[in-house]
Amino acid sequence: EMTGYKAWLRYETAENETLREEYRIYCSSIAVAEQSRVLLTAARELAAAVRSITGHSPSIAPSLDRASGVVIGVKGKLDPELEQALSSDIAELSDEGYVLRTLRAGSGGAERIAIVGGAEAGALYGVFHLIRVMQMRKSLGGLRATEQPANRLRMINQWDNMDGSIERGYAGKSIFYRGNAFVDDFSRIRDYARLLASVGINAISINNVNVHREETKLITKQYEETLSRVAAVFRDYGIKLFLSVNFASPIAAGGLPTADPLEPSVKEWWAQRASDLYRAIPDFGGFLVKADSEFRPGPFTYGRDHADGANMLAEALAPHGGLVIWRCFVYNCLQDWRDRSTDRAKAAYEHFMPLDGRFADNVILQIKNGPMDFQVREPVSPLFGGLKRTNQMLELQITQEYTGQQKHLCYLVPQWKEVLDFDTHAAGKGSTVARLASGVLRERPHGGIAAVSNIGDDACWTGHPLAQANLYGYGRLTWNPSLSEDQITAEWIRQSLGCDPEVETVVSDMLRKSWGIYESYTAPLGVGWMVNPNHHYGPNVDGYEYSKWGTYHFADCRGIGVDRTAETGTGYTAQYHSPWRETFNSLELCPDELLLFFHHVPYTHVLHSGNTVIQHIYDTHFEGAEEAAALLEAWKSLEGRIEADYFALVAERLAVQSEHAKEWRDVINTYFYRKSGIADRQGRLIY
Ligand code: GCU
């Protein structure tokens, strides 16, 4: 078995004999109350976990007698006695929700564990919950949990291309494609489905949002049969298949002269594609669309808007229950850097706010967490709080494009927690992004969270083994955005690295600090970018300064930052509700970490921290590089407590990070020293 391949489904044998015995007895047999693929998957997953954790294989039976064991079933289809015993627990269950409860079978019967889903997917999530409890080495006595997912859609976006490459992938090649075809062996896809289902993911789009030539054909007859087999793999794990589509497909794949969304022949073509797809895949999820963005075709070509485009696709999918997920990552990527009136940060709001209320009920707008593009630090996109009558969905990036490309350790759960907890004040206090994305705040029929995957065919899936924590944490947060960072971290560590308390202390500390460390030695105070163009790895302060991408810092000899205020700047701050619009607009109130996102200030400007901007840059960069080195030292203290090859792999990455953090430190510090002419107060070495 390859190092780290099993990730958090490692099922290490319990060392504590009492616990092992308890698990063995509770799980000695597994009864599946009803025959269905998902329930059978659940039973097999549980059996495999129990076998590995206890050393004993449970039997799988159609029903339980009075002996102890686990019953896996679905509400409304249990034996009457159990249905009765659980009636208050299961009354309110949604399809994907579940009850997990230890209870006695009748009077004098043995204790047993019931896992009951609102529907079969719920039961599967309940099983993974039980496995998690055992992997955390907790007792099964007195278990009583009722869970419902906070989000209807809990989605992963693969940016995989059919040639086997992955856009912004840092963990090898695609597990789906090779040489412009699907891989022959789907076993790794199945293992991926297991990982995803175990953390509650229920939807996946399997091709890049930039849909190239071969991928355009995925919605045609040519791929129907293969796609239905891929969908079946995911279906066993409660995951729906989506495809990214090319808006110009009617031309590129259909031979029509136009892709105008109001043209009857175009509508007809899409409707036909949809019904064919649904014949092959009755539970197909729908389409993910990047249109009129970064040179992708879209409705603008025909003088139509995003609502025209999305609604046309929605109409084709609606009869089959499909969804259109339309991305809001739309901006002018041919900007003139001399033009100070255009602000890329304003673009999504400006494009989509005027269309609020015009989208069909089965359209969801997918909005990146920040207004720019997955930088290490950005404010939350104001579009979340803006839209009132439109389904919306949050888009995060698990793959570490701008956060160290899985060479650097950067645990993103703390960042995502900040985003989800951000109170937009759109409908008074408590209007968090979590409640807007899920749709509860505006009572929308659809909503959820999507994120760009960080996996590839790398032995440990994610390049950096510790980057698995990001995939794990992402899934857990889509299920329940109010889970604490500490809980998610502890769960991941115990399941992936075992229950050694020393390992838990050290690794959780490393993970907790890692985002802050990465931020401190890279672009300062929310200004972003400063990376090498195209591949986006490594420092290049002016890499994007005179480019067409709308990504500037405006550093000169006096100061730095982007003035986005209402009075003297681009006016972006006005896209927020109060009190954020005033807070961000005000030099005094703006939080330090976002200062340069919102304001252009002299290097001598004093932060809330009491430090000047220039001294802050020097301090954080010197400290950040030291802290990166300390991460390696911390990890080294665990030698012997972690499997040797896993240990070595992480150590190797941390050494690269440590070296590279110095490069960042020196490039950034030198640049600003030369620009400002202001020396470091501590007289440290700047070149
Ligand atoms: C980023 C990324 C691109 C990607 C784009 C998107 O700009 O660098 O590779 O295509 O986001 O989200 O569409």
Query raised in the report: Got a number for residues in the range 406-428 being surrounded by fewer than 24 Cβ atoms within 10 Å (Cβ to Cβ), in contact with a His (Cβ under 8 Å, 6 or more places away or on another chain) and within 25 Å of residue 524 (Cα to Cα)?
Result: 2
Query - Conditions (1) in a strand (DSSP E or B); (2) surrounded by 17 or more Cβ atoms within 10 Å (Cβ to Cβ); (3) more than 16 Å from the ligand (Cβ to nearest atom): number failed by residue 145 - result: (2)
Query raised in the report: Of all residues in the range 281-328, how many are of a type outside the set (D, E, K, R), surrounded by 19 or more Cβ atoms within 10 Å (Cβ to Cβ) and in a loop (DSSP other than H, G, I, E, B)?
Result: 9
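Yes/no per residue for (1) of a type in the set (Val, Ile, Thr); (2) under 21 Å from residue 447 (Cα atoms):
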residue: 376; (1), (2): yes, no
residue: 390; (1), (2): yes, yes
residue: 399; (1), (2): yes, no
residue: 402; (1), (2): no, no
residue: 414; (1), (2): no, no
residue: 417; (1), (2): no, yes
residue: 427; (1), (2): no, yes
**Report entry** Candidates 468, 495, 487, filtered to the one that is part of a helix (DSSP H, G or I) and without any contact (Cβ under 8 Å) to a residue 24 or more places away in the chain
**Finding:** 487
Query raised in the report: Can you tell which of 685, 649, 596 is at pLDDT 95 or above, more than 28 Å from the chain's Cα centre (by Cα) and hydrophobic (A, V, I, L, M, F, W, C)?
Result: 685
Query raised in the report: Can you find a residue in the range 342-358 that is under 17 Å from residue 393 (Cβ atoms), within 13 Å of the ligand (Cβ to nearest atom) and either of a type outside the set (Lys, Arg) or open to solvent by 40 Å² or more (accessible area, probe 1.4 Å) (or both)?
Result: yes
Requested in this report: Restricting attention to the range 510-550, report how many residues are open to solvent by 30 Å² or more (accessible area, probe 1.4 Å), in contact with a strand residue (DSSP E or B) (Cβ under 9 Å, 6 or more places away or on another chain) and either within 24 Å of residue 340 (Cα to Cα) or assigned to a strand (DSSP E or B) (or both).
Outcome: 2
Report task. Inspect the range 328-338 for any residue being within 24 Å of residue 215 (Cβ to Cβ) and without any contact (Cβ under 8 Å) to a residue 40 or more places away in the chain and give the result as yes or no. Result -> yes
Query raised in the report: Which of the residues belonging to the range 390-405 are among the aliphatic types (A, V, I, L, M) and either open to solvent by 10 Å² or more (accessible area, probe 1.4 Å) or within 13 Å of residue 170 (Cα to Cα) (or both)?
Result: 398
Query raised in the report: So which residues in the range 293-330 are within 16 Å of the ligand (Cβ to nearest atom), under 23 Å from residue 437 (Cβ atoms) and of a type outside the set (Gly, Ala, Ser), if there are any at all?
Result: 306, 325, 326, 327, 328, 329, 330
Query raised in the report: Is the range 656-668 home to any residue that is of a type in the set (S, T, N, Q) and outside any helix (DSSP H, G or I)?
Result: no
Query raised in the report: When only residues in the range 165-205 that are under 25 Å from residue 3 (Cα atoms), open to solvent by less than 40 Å² (accessible area, probe 1.4 Å) and within 16 Å of the ligand (Cβ to nearest atom) count, which is farthest from the chain's Cα centre (by Cα)?
Result: 165
Requested in this report: Please find, within the range 374-410, the residue that is nearest to the ligand (Cβ to nearest atom) out of those that are under 12 Å from the mean Cα position of the chain (by Cα) and not in a strand (DSSP E or B).
Outcome: 374
Report task. Check 132, 137 and return the single one that is of a type in the set (D, E, K, R), part of a helix (DSSP H, G or I) and either more than 16 Å from the ligand (Cβ to nearest atom) or in contact (Cβ under 8 Å) with a residue 24 or more places away in the chain (or both). Result -> 132
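The values are calculated or read from the model by the stated rules, or taken from the named source; none is laboratory data. Small disclaimer: the values here were computed from a predicted structure and weren't measured. As a convention, Cβ positions derive from the backbone with ideal geometry for all residues, glycine included, and neighbour counts pool all protein chains shown. All accessible areas refer to the heavy atoms of the entire protein, side chains included, with ligands and DNA or RNA removed. Shrake-Rupley method; radii C 1.70, N 1.55, O 1.52, S 1.80 Å.
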